[in-house]
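Report on the structure given below.
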Amino acid sequence: MGMVQVRHPTDPNRPMMIEMEHYDPDKHELWADHSVPTLVRPDYDPPSAPVRDDIAIVMGGASCLWDDIAEFRAFGLEPDECVVIAVNDAGIYWPGRVDHWATYHPEELPAREAMRAARGYGGGYIRWTHTFPHGLKKRELYCDRLLDGWGGSSGLFGIGVAFELNIPRIACCGIPMDSGGWFNRDGTWGVFERYRRKWPARLDKMRGRVKSFSGWTADMLGVPTEEWFDG
């Protein structure tokens, strides 16, 4: 079960961790903004729907997420101009439009959605999870669409959602698949090697169509270039 950091009810100067299923926006205050960047440049009017439906940006949960999004913007693109696929906690903290929310943990989505709404961020996204025969039952109670899991991590599943949407160029931000930790909590991801194992099996399918801005996935898939974005 996922955890979330909130302000302590009797000592407002320190945080505490609670299970995500117990989060209540009427009772709990999220502890920190975790250096969420400004949405876009001040003079920018975000579109209500993608204007570049040939590009997907898949936002993962690694500590490099905001730096990777800055690199994405360096190509003259705003995430809101493209198809935005948020993975797990990225959907809570990304202040712009989210088109699709992907997770291997659908039972945590209600709490994540409540946390996004508590920040005043918009809805209207499509919720995706996997069809694995084991584990949580009645996934359709939490999500709008089911997709055969790609394994590997929720980040790889987010890429699978982009494939299901037939998007020809898929840019990964915050999905290095290394031990670098998360953008919104302390610690490191000690089991990353276990989740890497499914990625090479998908390499032929991803090659040329999927790029990454950081880490092991950038080494394997290559980093985006201007020519790649232009098609």
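The values are calculated or read from the model by the stated rules, or taken from the named source; none is laboratory data. Values in this document were obtained by computation on a predicted structure and should not be read as measured data. Positions of Cβ are generated from backbone atoms using ideal geometry, with glycine treated the same way; all protein chains shown enter the neighbour counts.
Under 7 Å between Cβ atoms, at least 6 apart or on separate chains: pull out the pairs that start in segment 212-226 with a residue that is within 9 Å of CYS172 (Cβ to Cβ) and end on any residue that is among the β-branched types (Val, Ile, Thr) and at pLDDT 95 or above.
Between residues of segment 212-226 that are within 9 Å of CYS172 (Cβ to Cβ) and residues that are among the β-branched types (Val, Ile, Thr) and at pLDDT 95 or above, the close pairs are SER212/VAL223; PHE213/VAL223; LEU221/VAL210.
Just to confirm my filter: which strands (runs of 3 or more DSSP E) fall fully inside segment 1-101 and include at least 1 residues that are at pLDDT 90 or above and out of contact with any strand residue (DSSP E or B) (no Cβ under 9 Å at 6 or more places or on another chain)?
No strands (runs of 3 or more DSSP E) qualify here.
Under 8 Å by Cβ, and 6 or more places apart or on different chains, what pairs join a residue from segment 16-30 that is in contact (Cβ under 8 Å) with a residue 24 or more places away in the chain with one that is assigned to a loop (DSSP other than H, G, I, E, B)?
Hits for this filter: MET20/MET1; MET20/GLY2; GLU21/MET1; LEU30/ARG119.
Which count do you get for residues in segment 169-226 that are part of a loop (DSSP other than H, G, I, E, B), under 27 Å from PRO50 (Cβ atoms) and among the charged types (D, E, K, R)?
Within segment 169-226, residues that are part of a loop (DSSP other than H, G, I, E, B), under 27 Å from PRO50 (Cβ atoms) and among the charged types (D, E, K, R) number 2.
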